[in-house]
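The values are calculated or read from the model by the stated rules, or taken from the named source; none is laboratory data. What you see is a predicted model, and the numbers here were worked out from it, not measured in a lab. Note: ideal-geometry Cβ built from the backbone for every residue, glycine included; neighbour counts use all protein chains shown. Surface accessibility is based on the protein's heavy atoms, side chains included, excluding ligands, DNA and RNA. Shrake-Rupley method; radii C 1.70, N 1.55, O 1.52, S 1.80 Å.
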Amino acid sequence: MKQLDEVKRYLNARKHIRQFAGEYAEKSGEDPKNVEQDILQAKKRNHISFAEYEWTGYYHLTPEQKKTISTLWTRMEFRKQFTDRRYIGMLMNKYIFSKVFGDFYGRWCMRASEADAKSLREMAKESGRVVYKPNCKGMGQGIRVLSARTEEEAKEALQYIQKSGGGIVEEYICQDDLLTSLNPNAVSVIRFYSASSPEGEFLFAPVLTVAHKNKISNGCKDALTAMVDIRTGEVLTDAVDQNSGEIYQAHPSTGMAFKGLKLNNWDKTIQMMRRALPLGRKISNIGWDVALTKEGPILVEANTIPGFMTAQYAGFGWITDGYGYQPLFDAVHGKSFEDDGRYERVVLKLE
């Protein structure tokens, strides 16, 4: 019976691979049999998903480039080997995160259960708004920006917070003038990735993440994402919508171009990350979200299973000569990361 079930799973998997290969070939003009064989080889190598295969332009990569593509599966293997799971809660629980990383948090934060109308109004003094976040959800789920400037607004915000259960309430982040000009309706963030193992600690692939229509900037929702030069803070690319694949040279709401933007306080941002990352080194792979205010950078939150789409987007592959980020995770094979120059714009080794 067990053997029969395995045969059924294999046949079902092959059916889905063949179907995807046919659809991919129809869009790209390739031979579906060649695409199917390429996907099969890729799944043997790194268990690549269909979305990762298409997003990275995997079919058109050279054999050497294909070896460097990082997938969710390869990063999970990295985390299993080098993450101490006892520390994961300090990132997943947003209130605990605000305390552990309090030196970099830069804003008032309280448990939702402790909020009252008076404290909400006090918290909303500068912006007129507060932010409610569920304690342990990711991908922007459940986050609400609530008006609390007047007594009536504060009471309504409190009612919403009390109905929503556990979580945190925090001061709304007032971003700097540059990012306000890019999109005044939501706080934009810089997503950094980090990898920590016995082979070293690395900060890499900074991504500017800007909301399109929503009030929350989250790449998994409707946000537009562009790569940033880790050395200078200059935006290197146009922005891509991770859901539709559409490219935007400028933000559709303000007409402000992405490529060439020079983000403010970049040296301070890197200095902050140099100090913050060691506090999380027991967690081997983190996605850090940073906001830029007039006073400087602050941490928004951090994620233990961070999305990785923009970092390896085929359209941005020129930044690393078409090579992916798997060399940073090859510590699972006892290999140290060595940069031959192609990663200098996007990878920083921390000493």
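Listed values, structure above:
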{"read-out": "Lysine pairs with alpha-carbon atoms under 23 Å apart, segment 224-351, spacing 8 or more or separate chains", "value": "9"}
{"read-out": "Spin-label model distance (nm) - Q19 vs S253, 7 Å beyond Cα toward Cβ", "value": "3.7 nm"}
{"read-out": "3J(HN,Hα) from dihedral phi, segment 49-61, Karplus parametrisation 6.51/-1.76/1.60, rounded to Hz, x for glycine, proline", "value": "8, 4, 4, 5, 4, 6, 5, 7, x, 4, 4, 8, 7"}
{"read-out": "Hz values of 3J(HN,Hα) by residue in segment 234-250 - Karplus curve (6.51, -1.76, 1.60), Gly and Pro given as x", "value": "8, 6, 8, 9, 5, 9, 10, 8, 5, 8, 9, x, 6, 9, 10, 6, 9"}
{"read-out": "Zero-based 20 Å bins, Cα pair distances in the chain, whole percents", "value": "28, 55, 17, 0"}
{"read-out": "Inter-label distance for N214 and K268, nm, one decimal - labels placed 7 Å from Cα along Cα-to-Cβ", "value": "2.8 nm"}
{"read-out": "Residues of segment 179-208 with amide N under 15 Å of the 7 Å Cα→Cβ point at K349", "value": "195-204"}
{"read-out": "Carbon and sulfur %, accessible surface of the chain computed with the full protein complex present, 1.4 Å", "value": "48 percent"}
{"read-out": "Degrees between helix 32-46 axis and first principal axis of the chain (Cα, 0 to 90, nearest 10)", "value": "60 degrees"}
{"read-out": "Other-chain or far-sequence residues with amide H under 5 Å of L263's (modelled H)", "value": "E234, V235"}
{"read-out": "Highest-MSF residue in the chain out of V100, V169, V290 [GNM, Cα springs under 10 Å]", "value": "V100"}
{"read-out": "Taking the chain and dividing mean pair separation by its residue count, relative contact order in percent (alpha carbons under 8 Å, at least six apart)", "value": "19 percent"}
{"read-out": "Under 5 Å, built H, 5+ apart or other chain: amide partners of T68", "value": "G324"}
{"read-out": "Cross-link partners of K155 among lysines (Cα-Cα below 19 Å; sequence separation of 8 or more within a chain)", "value": "K118, K125, K133, K163"}
{"read-out": "Residue-wise HN-Hα coupling along segment 297-303, computed from phi with Karplus coefficients 6.51, -1.76, 1.60 (Hz; x: Gly, Pro)", "value": "x, 9, 7, 8, 6, 9, 10"}
{"read-out": "Extension reserve of the F50-S28 stretch, reckoned as 0.36 nm per residue once the Cα distance is removed", "value": "6.5 nm"}
{"read-out": "Other-chain or far-sequence residues with amide H under 5 Å of V300's (modelled H)", "value": "D289, V290, A291"}
{"read-out": "R231 paired with E151, simple spin-label distance in nm, labels 7 Å along Cα-to-beta-carbon", "value": "5.9 nm"}
{"read-out": "For the chain, accessible area per residue (1.4 Å probe, heavy atoms of protein chains only), Å²", "value": "49 Å²"}
{"read-out": "Three-way shape label, segment 238-351, alpha-carbon gyration tensor, a/c 1.5", "value": "oblate"}
